[in-house]
1. When PHE121 is evaluated against the numbered criteria (1) among the aromatic types (Phe, Trp, Tyr); (2) open to solvent by 20 Å² or more (accessible area, probe 1.4 Å); (3) out of contact with any Leu (no Cβ under 8 Å at 6 or more places or on another chain), which criterion, by number, is the only one it fails?
2. Residues of segment 219-237 being out of contact with any strand residue (DSSP E or B) (no Cβ under 6 Å at 6 or more places or on another chain), of a type outside the set (Lys, Arg) and either closer than 20 Å to THR163 by Cα or open to solvent by 20 Å² or more (accessible area, probe 1.4 Å) (or both), which ones?
3. Identify all residues within segment 206-218 that are out of contact with any strand residue (DSSP E or B) (no Cβ under 8 Å at 6 or more places or on another chain) and either under 17 Å from SER93 (Cα atoms) or without any contact (Cβ under 8 Å) to a residue 24 or more places away in the chain (or both); write none if there are none.
4. If a residue must be in contact (Cβ under 8 Å) with a residue 40 or more places away in the chain and either in contact with a Phe, Trp or Tyr (Cβ under 7 Å, 6 or more places away or on another chain) or not basic (Lys, Arg) (or both), how many such residues does segment 150-182 contain?
5. Scan segment 182-218 residue by residue and report those that are among the aliphatic types (A, V, I, L, M) and open to solvent by less than 30 Å² (accessible area, probe 1.4 Å).
6. Identify the single condition in (1) surrounded by 12 or more Cβ atoms within 10 Å (Cβ to Cβ); (2) modelled with pLDDT of 75 or more that SER8 does not satisfy, given that it satisfies every other one.
7. At pLDDT 65 or above, over 36 Å from the mean Cα position of the chain (by Cα) and surrounded by 10 or more Cβ atoms within 10 Å (Cβ to Cβ): does that describe LEU25?
Amino acid sequence: EMSSPIKSITSEDHKITIEQQSETLSKVVLLNEGLPLSRNLSLNIALVSPHLAAVKVQNSTDGQKVAMVSLFPDQTSVDNVVYTEMIFLIDRSGSMSGTKINNVRNTMELFLRSIPEGTLFNIVGFGSNFEFLFPNGSVEYNDDTLNKANQAIAKLQADLGGTERLQPLQAILRNPSKPGIPRQLFVLTDGQVSNTSACISFVKENAQTTRVFTFGIGNDVDSELVKGLAKAGEGAVELIRDN
């Protein structure tokens, strides 16, 4: 017996016939009686209203009552879901010029096409200093914000001087994450810094709020840094070599 009127009952493995008792109750009869059941009997039951909550109460053999509650959330009715917050930290120091910055553009174009609508995101470029694409914090991914991000990536240059990675990490991770919204940080860099240990330690201190994924750019990437950041941030590392 179902919680909603039964639309249909079928079986892919066995021949059956259906005897309808009421809108919500049907009897399933196996055809070819006497044929051994070499496979489990599975039934596909389609309901008119499949997401209705239901409760069944039955007397057990010892006289006590047993209840079973079924809940079926209708996920298609959830609007304006924010899936996650994604922040892209891009190395724009002088060492990233040429093929490296071109690889970053290509990678970011792929990222921006893959972000689910409704996700919060931001892009941070760093070198001797750092700058946020959206200074007031991460914004919802939609047509307008995607267009602005695409324009910024198309103009991306390795024009921010030296490499100071700890300060932008601090600016991002010291900003409290939004309640109920997991935050992920994607770092794209060749990893040429002098304070590797300090960067890794700081990421580890904030691993409970932010997962860190690193993309090591170029043939001369500092693998100690990109692997260390990903491990400390409980993420993963990907190396993007020059063509």
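1. Looking at each condition in turn, PHE121 falls short on (2).
2. Selection gives ASN219, ASP220, VAL221, ASP222, SER223, GLU224, LEU225, GLY228.
3. Residue satisfying the conditions is GLN208 alone.
4. Here the count works out to 20.
5. Listed by number, the residues that qualify are LEU185, VAL187, LEU188, VAL193, VAL203, ALA207, VAL212, ILE217.
6. (1)
7. yes
Matching residues to (1) out of contact with any Cys (no Cβ under 7 Å at 6 or more places or on another chain); (2) at pLDDT 95 or above; (3) farther than 30 Å from ASP222 by Cα:
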{"site": "VAL55", "(1), (2), (3)": "yes, no, yes"}
{"site": "GLN58", "(1), (2), (3)": "yes, no, yes"}
{"site": "VAL69", "(1), (2), (3)": "yes, no, yes"}
{"site": "PRO73", "(1), (2), (3)": "yes, no, yes"}
{"site": "VAL82", "(1), (2), (3)": "yes, no, yes"}
{"site": "MET86", "(1), (2), (3)": "yes, yes, no"}
{"site": "SER93", "(1), (2), (3)": "yes, no, no"}
{"site": "LEU110", "(1), (2), (3)": "yes, no, no"}
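The values are calculated or read from the model by the stated rules, or taken from the named source; none is laboratory data. Not measured: the values here are computed from a predicted model. Glycine gets a Cβ as well: all are built from the backbone with ideal geometry, and neighbour counts include every protein chain shown. The accessibility values were calculated without ligands, DNA or RNA, using every heavy atom of the protein model including side chains. Shrake-Rupley method; radii C 1.70, N 1.55, O 1.52, S 1.80 Å.
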